[in-house]
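Have a look at the structure below before the remarks.
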Number of protein chains: 2
Amino acid sequence: MALFVQKYGGASVADPACIQHVARRVWRTRQLGHDVVVVVSAMGDATDNLIALARQVNPNPDAREMDMLLATGEQMSVAILAMALHALGAKAVSMTGPQAGIFAEPVHRKAKITRVQPDRIVSALKAGHIVIVAGFQGLDPFEDIVTLGRGGSDMTAVALAWALQADRCQFYKDVTGVFTTDPRIVPEARQMDEISYDEMLELASMGAEVLQSRAVEFAKNHAVRLEVLSSFEDKPGTLVTAEVGTMENVVVRGVAADKEQAKVTILKVPDRPGIAAGIFQALAQANINVDMIVLNVSAQGQLADISFTVPATDLAQALKVVAVVVPEVSSAGMTHDQGIAKISIVGIGMRSHSGIAARMFSALADHGIDLHMISTSEIKISVVIPTAQADEAVRILHREFELDKPPTVVVDAPGGKTQVASRDQGA
Amino acid sequence: MALFVQKYGGASVADPACIQHVARRVWRTRQLGHDVVVVVSAMGDATDNLIALARQVNPNPDAREMDMLLATGEQMSVAILAMALHALGAKAVSMTGPQAGIFAEPVHRKAKITRVQPDRIVSALKAGHIVIVAGFQGLDPFEDIVTLGRGGSDMTAVALAWALQADRCQFYKDVTGVFTTDPRIVPEARQMDEISYDEMLELASMGAEVLQSRAVEFAKNHAVRLEVLSSFEDKPGTLVTAEVGTMENVVVRGVAADKEQAKVTILKVPDRPGIAAGIFQALAQANINVDMIVLNVSAQGQLADISFTVPATDLAQALKVVAVVVPEVSSAGMTHDQGIAKISIVGIGMRSHSGIAARMFSALADHGIDLHMISTSEIKISVVIPTAQADEAVRILHREFELDKPPTVVVDAPGGKTQVASRDQGA
């Protein structure tokens, strides 16, 4: 008998029929003899509707009151799901975040969980209940309700899985798992059987966010086994686990595109210590999420351009901040570009395989795709290109790194002979 | 500087525009220098919508989960009202029932408040905030959310007014105050300046429920001054206060009709001790709210009919219960009548004035209205008549007791001479 934490997103609980479907799925797991803790988001558009309602009375609503308002979305979902489970004959009990023992810092709209005290959940499980917890919310030290920010329900699920020492934290999504790239762009995109936390993190930080980064980070640090699977289809999903040796043999795990980016360049910045720090501190203070940063100084003391990308929605605000900074750092001015996309390839195998970047760049060059920026991390290479070529670039790279084929795994056979085997049986 | 508790019902906060209107009204009171605690219900049809949503997944939803669900209605209202107040430049903070320190017994859907611990409200008031409290909800000893049942928001307001020693508990309604009778039936119906708790209670227990009975009862026992006034019009309402001597001079304060009644008669019941108790215990166990009971035994040991009225919606259930009891008490059978209405006149002046009942009966008899049942209390006389004659009876009695005219008050002048004065100046 195992303990599963199952998380269902807003799309999975969009309406009463969806919730009844989720109830049947939860009930099936329970009937196999497992303990189940369910974390749910607000129903479908509920959160957006609440935000719209707030804006009707106040264009700039107070963060504390927004949390008070938004928390009702998840509270509704948990109650309705409990009722749907009762209708199936299941024992189930719903809990708000505070009731479930989710404590968080006093930061409205984007609090971090500080402590999980799941006594009430444990008692309810012992009494044979399925426990349904409102995601996305917690109690701060002032006994105020705080929400955990975008994707916060993922964080609730992982934190609970950790605190309860659950066997697995399962994320039910409107996809069947994690794919090598967006199947809408590349029909041959393949679902992965497994992926490492680090690869998942790099994918999560790109456009195709399947799991919230903070949640994956936490899972990695606390060794919580994650699984991404479909809430609609009944098939195995993608396991997100600690890295195992054979994973390195997969050079590129996936390709991702983020078309919601804009690029800002500050021209001819003098190369003095602290200049870059000053610029990005100003942006951070304005809560602007800077993604890629490229600075290339050819020789000490010379002038160089600094470029960075921000979410397209933050561009106007970023330009305002930079306009203040430009004269302060004696820069020559600034330019910006909205028509850009970031294309990334990710794989922990890059660490042990060389020449991947060169292979990526030349595949793109062969098709006449111009690179505006390049940035690399240990397991990711990202390039910025014109948005118009984004889909084409994804297709080129998916083909180049043969992601449509099951990865081949090098197995060190006991006799010392090396065998090559396909890991995905009949996938 | 006074402290007011203001309660706004669902109709007053039906949509964002209504909430903005309420915000302006609350803000005006605050700007006069008063402290304000606001209690709000769920927005318009929110509660009904939530109940309908629940029934879509479970025809008979669990009471605990219904409370979890329904509590979101008021939580939404308080947040939105706080935002609307912020938009006006006011300092305001919303609180759930539990945050406001409303503790209740662990009875879902109809809990009673057991304790009010308003420390958080007091601190917020001291900090200059308008405090907005979610009505209808509290926290039970198991830290579960419970709702207070129908009209529970009225109870929240009165309990808070008491705990905070507020100067007045104001109920904003879609009427401008308490009327001598329903103005839709009698256009000459007059709004009262004041009414005693007892008279209000008798009126509340009849069809025209303006304030919830439990709330009035509590206010009476704890001397909380109540006021009923309009949330839409800006004029004085009706004060509900402890009885003062001069009130006795008003013989009949108001006329009320309840057309949602049905009458059940158990025929020829033997007059043995405990028989009536057995019948009404059985009805109480089935949660049927019996209103009037009439039993008339002509001589010891004889057979007599027992009649009682119940809400029309409970008739089927009541007949089922009585059908079981009839053979047990060796009764001759039962009859029932659905086409009946209860007409009542109320006034604490009845205590000191005789002949009121006779005057009521003959006024009705003069117009050919037949009385099926009569029941009297210290300050109320009720008769059961055919529903078809209900409106006519109300008009007859309103005229008979001159309720369209301002009450005259007998003032004992210092010199010992008695003056008669109209209390309502130009009303």
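The values are calculated or read from the model by the stated rules, or taken from the named source; none is laboratory data. Here the structure is a predicted model, which means the values were calculated and not measured. Please note: Cβ atoms are built from the backbone with ideal geometry, for glycine as well, and neighbour counts cover all protein chains shown.
Observations on the model:
- Number of residues in segment A:236-257 that are at pLDDT below 90 and not aliphatic (A, V, I, L, M) equals 5.
- One residue from A:Ala159, A:Ala163, A:Ala134, A:Ala127 being within 14 Å of chain B (Cβ to nearest Cβ) and under 25 Å from the mean Cα position of the chain (by Cα): A:Ala134
- For A:Ile348, the test of being assigned by TED's automatic domain parsing to the domain that holds A:Leu267, touching a residue at least 60 places away in the same chain (Cβ under 8 Å) and touching a Phe, Trp or Tyr at 6+ places or on another chain (Cβ under 7 Å) is failed.
- Segments classed as strands (runs of 3 or more DSSP E), wholly inside segment B:237-303, with at least 2 members that are of a type in the set (Ser, Thr, Tyr) and under 30 Å from B:Glu227 (Cβ atoms): B:238-241
- B:Ala46 falls short on exactly one of the conditions (1) surrounded by fewer than 24 Cβ atoms within 10 Å (Cβ to Cβ); (2) farther than 23 Å from A:Asp67 by Cα, and that condition is (2).
- Taken over segment B:180-204, the criterion of being touching a His at 6+ places or on another chain (Cβ under 8 Å) and over 24 Å from B:Ser377 (Cβ atoms) is satisfied by B:Glu188 alone.
- Verdict on B:Ala127 being within 19 Å of B:Gln75 (Cβ to Cβ) and free of Cβ contacts under 8 Å to residues at least 60 places away in the same chain: no
- Checked against the criterion of being assigned to a strand (DSSP E or B), crowded, with 21+ Cβ neighbours inside 10 Å and under 33 Å from the mean Cα position of the chain (by Cα), segment B:310-329 has at least one qualifying residue.
- In segment A:141-155, the residues that are outside any loop (DSSP other than H, G, I, E, B) and within 14 Å of chain B (Cβ to nearest Cβ): A:Ile145, A:Val146, A:Thr147
- Residue count, segment A:68-111 (criterion: crowded, with 24+ Cβ neighbours inside 10 Å and without any contact (Cβ under 8 Å) to a residue 12 or more places away in the chain): 1
- Some residue of segment B:82-100 being in contact with a Pro (Cβ under 7 Å, 6 or more places away or on another chain) and assigned by TED's automatic domain parsing to the domain that holds B:Gly138: yes
- A:Ala134 being under 14 Å from A:Val38 (Cα atoms), in the same structural domain as A:Arg25 (by TED's automatic domain parsing), touching a residue at least 60 places away in the same chain (Cβ under 8 Å) and small (Gly, Ala, Ser): yes
- Some residue of segment A:51-66 being within 19 Å of A:Tyr8 (Cβ to Cβ) and either touching a residue at least 12 places away in the same chain (Cβ under 8 Å) or surrounded by fewer than 22 Cβ atoms within 10 Å (Cβ to Cβ) (or both): no
- Test: residue in segment B:66-73 that is within 23 Å of A:Thr47 (Cα to Cα) and of a type in the set (S, T, N, Q): yes
- Residues of segment B:364-377 that turn out to be at pLDDT 90 or above, among the charged types (D, E, K, R) and assigned to a loop (DSSP other than H, G, I, E, B), as a count: 0
- On inspection, B:Val5 fails the criterion of being on the phi < 0 side of the Ramachandran plot and in contact with a Ser or Thr (Cβ under 7 Å, 6 or more places away or on another chain).
Results for (1) surrounded by 18 or more Cβ atoms within 10 Å (Cβ to Cβ); (2) assigned to a loop (DSSP other than H, G, I, E, B); (3) of a type in the set (A, V, I, L, M); (4) assigned by TED's automatic domain parsing to the domain that holds B:Ala312, shown as yes or no for each residue.
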| site | (1), (2), (3), (4) |
| --- | --- |
| B:Ala157 | yes, no, yes, no |
| B:Gln165 | no, yes, no, no |
| B:Glu199 | yes, no, no, no |
| B:Val216 | yes, no, yes, no |
| B:Val224 | yes, yes, yes, no |
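- Extreme residue, modelled with the lowest pLDDT, among residues of segment B:172-181 that are in contact with a Gly (Cβ under 8 Å, 6 or more places away or on another chain) and not in a strand (DSSP E or B): B:Asp174
- Residues that are of a type in the set (S, T, N, Q) and touching a His at 6+ places or on another chain (Cβ under 8 Å) do not occur anywhere in segment B:324-333.
- For segment A:307-335, the tally of residues that are touching a residue at least 60 places away in the same chain (Cβ under 8 Å) and touching a helix residue (DSSP H, G or I) at 6+ places or on another chain (Cβ under 6 Å) stands at 2.
- One residue from B:Asp62, B:Asp119, B:Asp35 being out of contact with any strand residue (DSSP E or B) (no Cβ under 8 Å at 6 or more places or on another chain), closer than 23 Å to B:Ala161 by Cβ and of a type in the set (D, E, K, R): B:Asp119
- Among the residues of segment A:331-363, those identified as assigned to a helix (DSSP H, G or I), out of contact with any Leu (no Cβ under 7 Å at 6 or more places or on another chain) and either polar (S, T, N, Q) or surrounded by 21 or more Cβ atoms within 10 Å (Cβ to Cβ) (or both) are A:Ile348, A:Met350, A:Ser362.
- Where strands (runs of 3 or more DSSP E) fall entirely within segment A:14-104, those with at least 3 residues that are at negative phi and within 10 Å of chain B (Cβ to nearest Cβ) are at A:92-95.
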